[in-house]
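Report on one structure; see the data block that follows.
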Amino acid sequence: MRRRRREAPQLGVLALVALTATLLSVAARAGSSGDDAARVAASAWRGLVGAPRQEVAVGQRVIVVLNTPALSDQLAHAGGRATEAQQRRWTSASLAASHQMIAKLAQQGVRVRPEYIYSRVIAGFSAPIDPQVLGLIERMPEVAGVYPVRVTYPAAQSSQMIERNRLAAGAGDRLQVSLPGFDGNGVTVALLDTGVEGNHPFLIGQVVESRDVIDRDGNATPDANPDDASRLERHGTQLAGIVAGSEGPAELAGVAPRAVLLPIRVAGWQQNARGSWGLFGRTDQLVAGLERAVDPNGDGSVHDAARIALVGVSEPFSAFVDSPAARAAAGALRLDTLVVAPAGNDGHAGPGYGSIGGPGGSPSALTVGAVDMRGSTQDVRVVLRSGLELAFDRRVPLAGAVAPRRHLSLRAATPRFSPEGEARGEALELEDFFNEAGLSLVAGRAALVPAGADPGVAAAQAVKAGAAAVVLYGPTLPAGGIGLDEAVGVPVVSVPAWAARKTLAALRAGRRPLVAVGVPQTAPNRVRGHVAAFSSRGLAFDGRVKPDLVAPGVALLTAEPGRGDGGAERYASVSGSSASAAAVAGAAALLAQARPELDASALKALLVGTARSLDQDSVAAQGAGMLDLGAALSAEFAVLPTTLSFDHAAPKSWQATRKLIVRNLSTRTLRLRIVADEQQSAAGRGLVFGAAPTQLSIAPGRWARVYVTGRIAFQRTPGTPIEGLLQVRPEGGATLRVPWLISFGPARRSLLGELRMSTASFKPSDAAPTVLSFRAGQVERAKHGWQIAPVAKLDLELFGAKGERLGLLGRLRDLLPGHHSFGLTGRDGEGNELDAGRYRVRLTAWPTGDGRPSRASVAFNIK
């Protein structure tokens, strides 16, 4: 077939116009057990862990990963040994490959202005690139893949209150993670998060230098919101305190108080899609942060690499194993830096691919979920009344850290706000709590305030305006959810929206409704020792069990940036899987100090393998179980990988074999037995699960392979997942466990659908392309909740009227479920204008993990 050629850049016939992969909202509805109470508890934490999620436009930013080996690849190929001069040469060669690639694109009319260039953990660069040339870049032999840049979010009252033990029960919890005789001395922990206040008394002496990836000024101190100077970046300082705080009030301390902190600012105040300021980062910034973690002074050698890199941010629902951030975690591990990442804060999910955030899906990352270890919580009786009309009368959890000392009876008041703004969830500003004359609307009263996306900020604004108590309405808040916050020094409770509407109607009618708050009652925490409702569940997108383990992550006491009244330092409590990841990073620092001979892989293996299983939580929620640092200290061998990967939705008849490596880390010959968890495996479930060999003898410093096989044969598909722990037992010493899970999901529908074209017949046009829209991926409803079905790779191919293939037009990777739009420009993959006639575009979507691709096609005419 003849095609007319004219001078033009090499543009694909399909050019990306808008790519808005909007993940369907599942977290609030999903549950792994079908228990309504669990779902309510999960939704109660929304908006309280991490930062409220901004609507962020990443523009046309992508990360181009090259086939050129990065420093991490070269060093691994050399067996982990190389001089500093060799490392610098390898780093320079990787950088040169990116520059050569950019120059080659320029020669073809594609101008690229890189924002970040990577050479240590991965090879490649990030840049805003015209979507019309992505297909061209994907086809170039130097390119391993082009990936979308995504948004990351931070995964999460005064010192006198801590000193005097005045905190409400459940508002603040002390970490009980330690290793007697060790304090992390000499171990560097890089903290990739928002800015850190290194001169806080809780952190003085621990922060020796910092890096700012976002502003590139070298100083990673917390920035203030440009629109509200009182709102500092908090999350990084909070995590830093958990890792390495010392000499706090009432002997408060972090896990590794002598560890060296290297703050790297990869998230902070940036402008969102609406032009206002929000707290977030991007994956290209996260990868750049990992580049700095392994080479802090930027000289191309990793002799100064951080021993541990704590990632405090998370890509929601993005448990991809090949994403740039996941690849970067693997590169860091090859450079002997252990990446500790949060599981995410998106709560319950289905038994297949769940709600794990990136880079937590990386097999190389140590992914951590959160456990609630609070011993007790408090609730109070709240009554809303207008005259004789009773709007609300119930006991509700005390959400803040301040408990009323006596019964309170206050007039209700509310800020100024528009119903439209409230419906959109817009945050209240301090000025909304004052009238036109500058008088407070809530001073001395009980402020009835919409919780919005950030209940803590809403409560703080009311307190600044003089409120004597705060009643937040909307989603129910859990006990201690807001926790300790210097800016919130009055009682805070929450009520349902329906109850608040009655009181608001009374205020608008000119009546004087009252709010009564009773004296608190303390009760044992019913979920103590269980995975927190907000903590994300697995699996990762390769079917691997994630998280790897869990640690305390609810209401942990720590530092807070800024100064309180009188210039006193501030403290707070923080909840989230990032807080639990910080606890594990501190634990890894202690273990690295105690056992300096361990490499990063061994550190990870010991921490995961010795975790203590929680009886009533699933493997998908807890991984191997609860952190047990004492057991990790005495372990003599390591098992890799730390969790097993099987098909996430196995058919009724299925078999798979996986390989484990068992390393002897001791100075004696070890004799080991491999034992399957019989209670979870055979026991009438139709599963045969075993290992070969079942007995090992490994000399000091050597390793052995173990092959694990699962085989199932059912008359009908099981209704629940099958899970268990493979145990490796030495003759004397600590047993190591490897968690596994096989789920049985619904029959997957097509990963492609809803194909539409704006017009099926058009003339070639670069300026006004015809739009092709479609759905890629899906959110599936399973018997025990919702689960995500993403797309690993999507190819778009052009075919002629006779079925002849005319080339690859474009390729997209790591797509979350959502709707996508492309522009048909009337060109082929080489940039040639098409002749008049009939053509067809075929879309092929490959699932993550195992499974067959989905295909769909659409025909069009060129006039």
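Give the residue, chosen from Ser601, Ser573, Ser618, that is modelled with pLDDT under 90 and either β-branched (Val, Ile, Thr) or more than 26 Å from Leu203 (Cβ to Cβ) (or both).
On the way: Ser601 fails: modelled with pLDDT under 90; Ser573 fails: either β-branched (Val, Ile, Thr) or more than 26 Å from Leu203 (Cβ to Cβ) (or both).
Every option except Ser618 fails the conditions.
Looking at Arg406, Arg416, Arg395, Arg424, which one is at pLDDT 85 or above and closer than 22 Å to Ala505 by Cα?
Values: Arg406 fails: closer than 22 Å to Ala505 by Cα; Arg395 fails: closer than 22 Å to Ala505 by Cα; Arg424 fails: at pLDDT 85 or above.
Residue meeting the stated conditions: Arg416.
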Considering only residues that are over 24 Å from Val260 (Cα atoms), open to solvent by 10 Å² or more (accessible area, probe 1.4 Å) and in contact with a Gly (Cβ under 6 Å, 6 or more places away or on another chain), which ones fall in segment 591-619? Arg612, Ser613, Leu614
On the basis of being surrounded by fewer than 21 Cβ atoms within 10 Å (Cβ to Cβ), within 23 Å of Arg139 (Cβ to Cβ) and at pLDDT below 85, does Ser821 make the cut? yes
Among the residues of segment 811-828, which ones are on the phi < 0 side of the Ramachandran plot and of a type in the set (D, E, K, R)? Arg811, Arg813, Arg827, Asp828
Within segment 316-373, tally of residues that are among the β-branched types (Val, Ile, Thr) and over 11 Å from Ser536 (Cβ atoms): 5
Of the conditions (1) under 22 Å from Ile661 (Cβ atoms); (2) open to solvent by 30 Å² or more (accessible area, probe 1.4 Å); (3) modelled with pLDDT under 95; (4) among the acidic types (Asp, Glu), Asp647 fails just one. Which one is it? (2)
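Residue-wise test of (1) closer than 24 Å to Ser276 by Cα; (2) among the aromatic types (Phe, Trp, Tyr); (3) buried (at least 23 other Cβ atoms within 10 Å of the Cβ); (4) in contact with a Gly (Cβ under 6 Å, 6 or more places away or on another chain).
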{"site": "Glu429", "(1), (2), (3), (4)": "yes, no, no, no"}
{"site": "Gly438", "(1), (2), (3), (4)": "no, no, no, no"}
{"site": "Ala447", "(1), (2), (3), (4)": "no, no, yes, no"}
{"site": "Pro455", "(1), (2), (3), (4)": "yes, no, yes, yes"}
{"site": "Lys464", "(1), (2), (3), (4)": "yes, no, no, no"}
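Rundown of residues vs (1) touching a strand residue (DSSP E or B) at 6+ places or on another chain (Cβ under 8 Å); (2) open to solvent by less than 10 Å² (accessible area, probe 1.4 Å); (3) at pLDDT below 90, yes/no style:
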| position | (1), (2), (3) |
| --- | --- |
| Ala224 | yes, no, yes |
| Pro257 | no, no, no |
| Phe280 | yes, yes, yes |
| Pro296 | yes, yes, no |
| Pro316 | yes, no, yes |
| Ala325 | yes, yes, no |
| Gly331 | no, yes, no |
Report yes if some residue within segment 715-726 is closer than 30 Å to Leu670 by Cβ and at pLDDT 90 or above; otherwise report no. yes
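Taking the condition modelled with pLDDT under 90, surrounded by fewer than 24 Cβ atoms within 10 Å (Cβ to Cβ) and outside any strand (DSSP E or B), does Arg511 pass?
Values: modelled with pLDDT under 90: no; surrounded by fewer than 24 Cβ atoms within 10 Å (Cβ to Cβ): yes; outside any strand (DSSP E or B): yes.
Answer is no for this residue.
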Considering residues of segment 757-771 that are outside any loop (DSSP other than H, G, I, E, B) and open to solvent by 40 Å² or more (accessible area, probe 1.4 Å) only, the residue nearest to Ala856 (Cα to Cα): Met757
Flagged in segment 831-857 as under 30 Å from Gly109 (Cα atoms), touching a Phe, Trp or Tyr at 6+ places or on another chain (Cβ under 9 Å) and surrounded by 15 or more Cβ atoms within 10 Å (Cβ to Cβ), in numbering order, are Tyr839, Arg840, Val841, Arg842, Leu843
Pairs only if they're at least six apart or on different chains, beta carbon under 7 angstrom, first in segment 460-487 and on the phi > 0 side of the Ramachandran plot, second of a type in the set (Ser, Thr, Tyr) and surrounded by 24 or more Cβ atoms within 10 Å (Cβ to Cβ); list them, first residue then second. Gly480/Thr377; Gly483/Ser573; Gly483/Ser575
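I need the full set of residues from segment 361-400 which are hydroxyl-bearing (Ser, Thr, Tyr), within 25 Å of Ala572 (Cα to Cα) and surrounded by fewer than 20 Cβ atoms within 10 Å (Cβ to Cβ), in order please. Steps first, please.
Initially, segment 361-400 is screened for residues hydroxyl-bearing (Ser, Thr, Tyr), giving 362, 364, 367, 376-377, 386.
So of that shortlist, the ones also within 25 Å of Ala572 (Cα to Cα) come out as 367, 376-377.
Selection gives Ser376 alone.
Can we say Ala240 is surrounded by fewer than 20 Cβ atoms within 10 Å (Cβ to Cβ) and either of a type in the set (A, V, I, L, M, F, W, C) or touching a Pro at 6+ places or on another chain (Cβ under 6 Å) (or both)? Outline the logic, then answer.
Working: surrounded by fewer than 20 Cβ atoms within 10 Å (Cβ to Cβ): no; either of a type in the set (A, V, I, L, M, F, W, C) or touching a Pro at 6+ places or on another chain (Cβ under 6 Å) (or both): yes.
No, not satisfied.
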Would a scan of segment 107-118 turn up a residue that is part of a helix (DSSP H, G or I), more than 29 Å from the chain's Cα centre (by Cα) and buried (at least 20 other Cβ atoms within 10 Å of the Cβ)? no
Just one of the numbered conditions (1) at pLDDT 95 or above; (2) touching a helix residue (DSSP H, G or I) at 6+ places or on another chain (Cβ under 6 Å); (3) more than 30 Å from Ala594 (Cβ to Cβ) is not true of Arg120; which one? (3)
If a residue has to be within 27 Å of the chain's Cα centre (by Cα), in a helix (DSSP H, G or I) and more than 21 Å from Ser573 (Cβ to Cβ) to count, how many in segment 447-502 make the cut? 0
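The values are calculated or read from the model by the stated rules, or taken from the named source; none is laboratory data. This structure is a prediction, so every number in the text was calculated from the model and none was measured. For neighbour counting, all protein chains shown are included, and Cβ atoms are generated from backbone atoms with ideal geometry for every residue, glycine included. Calculation scope for accessible area: heavy atoms of the full protein, side chains included, ligands and nucleic acids excluded. Shrake-Rupley method; radii C 1.70, N 1.55, O 1.52, S 1.80 Å.
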